[in-house]
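K.L.:
So that we are looking at the same thing, I have put the structure below in structure tokens.
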Amino acid sequence: MLSTCLRVVYLHGFASSPASRKAGFFQEHLRDLGFQVEIPDLAQGDFEHLTITGQLGVIEEVARGGRVILIGSSLGGYLASLYAARHPEVDRLVLLAPAFGFYQLWTAEISPERLAAWKKEGSMLFFHYGMGRELPLGYKLMEDARQFEPFPNVHQPTLIFHGNRDSSVPIHQSLTFVQAHPNAKLIQLESGHELTDVLDIIWQESKSFVRAPSGRYPLR
């Protein structure tokens, strides 16, 4: 069965939305190839109560237990890998600067004092790029994220793009994942975390991967 018979689910990043530039780019290009593309709001309009578990639930509702291609950006990439590790019916993944080790990255980035204050207050303001303003986010995100493995054991073919100047999610995260997963290929790019300046390169590299018939993925 050709991959064009599969649905594609695009997963946006943290504090982003289905209206992100990368989401629109992939939606346009994939639809031109005949794919049905779905881009859920992973926060479901409730950013304050965002959790990893809740976002995985949104993906499950959209995927509906079917064979799908998952494309994920940053936190969306990590979520795609978590979901695929638990759902073998996922056909393949394309990950853009995936935030492997999300909990570990955040605890290393946020000072212990700020984490303690966040936990004590119950919520803290974060800039939401989709809304264009700061919104409160509950500490339950961290409590929930702690239970998830940093590098999910994904068995599906996985194509990863990561910028070597990424200051938000170091490229080492993807290198570590690929070293443990022979089913994954990493393409390193001269870019930062957003990757919006190399979208044409990403599309040229990923087009044949998403179009390939199941079982014949051009990774090596």
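K.L.:
Can you tell me which residue is surrounded by the most Cβ atoms within 10 Å (Cβ to Cβ) among those in the stretch 25-79 that are β-branched (Val, Ile, Thr) and in a helix (DSSP H, G or I)? Please lay out each step first, then the result.
P.N.:
Pass one, the stretch 25-79, residues β-branched (Val, Ile, Thr): 37, 39, 51-53, 58-59, 62, 68-69, 71.
Next, only the ones that are in a helix (DSSP H, G or I) stay: 52-53, 58-59, 62.
Values: Ile52: 20, Thr53: 13, Val58: 18, Ile59: 23, Val62: 18.
Out of the qualifying residues, it is Ile59.
K.L.:
Quick one: which residue in Met124, Met131 is in contact with a Ser or Thr (Cβ under 8 Å, 6 or more places away or on another chain) and more than 30 Å from Ser214 (Cα to Cα)?
P.N.:
Working: Met124 fails: in contact with a Ser or Thr (Cβ under 8 Å, 6 or more places away or on another chain).
It is Met131.
K.L.:
Further question: Looking at this structure, is Tyr10 more than 21 Å from Gln204 (Cα to Cα) and either buried (at least 16 other Cβ atoms within 10 Å of the Cβ) or of a type in the set (Ser, Thr, Tyr) (or both)? Before you say what the answer is, go through the steps one by one.
P.N.:
Values: more than 21 Å from Gln204 (Cα to Cα): no; either buried (at least 16 other Cβ atoms within 10 Å of the Cβ) or of a type in the set (Ser, Thr, Tyr) (or both): yes.
No; evaluated as a whole, the condition is false for this residue.
K.L.:
With the structure loaded, tell me whether Pro157 is under 22 Å from Arg86 (Cβ atoms) and either in contact (Cβ under 8 Å) with a residue 12 or more places away in the chain or hydroxyl-bearing (Ser, Thr, Tyr) (or both) or whether it fails that test. I'd like the intermediate steps shown before the answer.
P.N.:
Numbers: under 22 Å from Arg86 (Cβ atoms): yes; either in contact (Cβ under 8 Å) with a residue 12 or more places away in the chain or hydroxyl-bearing (Ser, Thr, Tyr) (or both): yes.
It is true that Pro157 is under 22 Å from Arg86 (Cβ atoms) and either in contact (Cβ under 8 Å) with a residue 12 or more places away in the chain or hydroxyl-bearing (Ser, Thr, Tyr) (or both).
K.L.:
Suppose we filter Phe161, Phe148, Phe126, Phe209 for residues that are surrounded by 15 or more Cβ atoms within 10 Å (Cβ to Cβ), touching a strand residue (DSSP E or B) at 6+ places or on another chain (Cβ under 9 Å) and closer than 30 Å to His49 by Cβ; which single one remains? Talk me through it step by step, then tell me what you get.
P.N.:
Numbers: Phe161 fails: closer than 30 Å to His49 by Cβ; Phe148 fails: touching a strand residue (DSSP E or B) at 6+ places or on another chain (Cβ under 9 Å); Phe209 fails: closer than 30 Å to His49 by Cβ.
Answer to the check: Phe126.
K.L.:
Within the stretch 28-42, is there a residue that is closer than 19 Å to Phe100 by Cα, at pLDDT 95 or above and within 17 Å of the chain's Cα centre (by Cα)? Quick ask: steps written out before the conclusion?
P.N.:
Initial filter on the stretch 28-42 (closer than 19 Å to Phe100 by Cα): 42.
From what is left, the residues that are at pLDDT 95 or above are 42.
In the following step, the residues that additionally are within 17 Å of the chain's Cα centre (by Cα) were identified as 42.
Yes: the stretch 28-42 contains one or more residues that are closer than 19 Å to Phe100 by Cα, at pLDDT 95 or above and within 17 Å of the chain's Cα centre (by Cα).
K.L.:
Return the pair list, or none, for Cβ contacts closer than 8 Å from residues in the stretch 182-197 that are of a type in the set (Ser, Thr, Tyr) to residues that are in a strand (DSSP E or B), at least 6 apart or on different chains.
P.N.:
Sorted first by the residue in the stretch 182-197, then by its partner, the pairs are Ser191/Gly163.
K.L.:
Which residue pairs have Cβ atoms closer than 7 Å, lie 6 or more positions apart in sequence or on different chains, and pair a first residue in the stretch 52-73 that is closer than 16 Å to Gly13 by Cβ with a second residue that is at pLDDT 95 or above and aromatic (Phe, Trp, Tyr)?
P.N.:
Final answer for the pair search is Ile52/Phe148; Leu56/Tyr83; Ile59/Tyr83; Leu70/Tyr83; Ile71/Tyr10; Ile71/Phe26.
K.L.:
Looking at (1) of a type outside the set (Asp, Glu); (2) touching a Gly at 6+ places or on another chain (Cβ under 6 Å); (3) within 30 Å of Pro213 (Cα to Cα); (4) surrounded by fewer than 17 Cβ atoms within 10 Å (Cβ to Cβ), which one does Thr176 not meet, given that it meets all the others?
P.N.:
Single failed check for Thr176: (2).
K.L.:
Check off (1) crowded, with 18+ Cβ neighbours inside 10 Å; (2) free of Cβ contacts under 8 Å to residues at least 40 places away in the same chain; (3) part of a loop (DSSP other than H, G, I, E, B) for Glu89 and give me the number that stays unchecked.
P.N.:
With respect to (1) crowded, with 18+ Cβ neighbours inside 10 Å; (2) free of Cβ contacts under 8 Å to residues at least 40 places away in the same chain; (3) part of a loop (DSSP other than H, G, I, E, B), Glu89 is out only on (1).
K.L.:
Has the stretch 179-191 got any residue that is among the aliphatic types (A, V, I, L, M), within 19 Å of Gly101 (Cβ to Cβ) and part of a helix (DSSP H, G or I)? Before the answer, list the steps.
P.N.:
Of the residues in the stretch 179-191, the ones among the aliphatic types (A, V, I, L, M) are 180, 184, 186-187, 189.
Then drop every residue that is not within 19 Å of Gly101 (Cβ to Cβ), which leaves 180, 184, 186.
From what is left, the residues that are part of a helix (DSSP H, G or I) are 180.
Yes, the conditions are met somewhere in the stretch 179-191.
The values are calculated or read from the model by the stated rules, or taken from the named source; none is laboratory data. Computed from a predicted model, the values in this text were never measured in an experiment. Don't worry about glycine lacking a Cβ; one is built from the backbone with ideal geometry, like all the others, and counts go over all protein chains shown.
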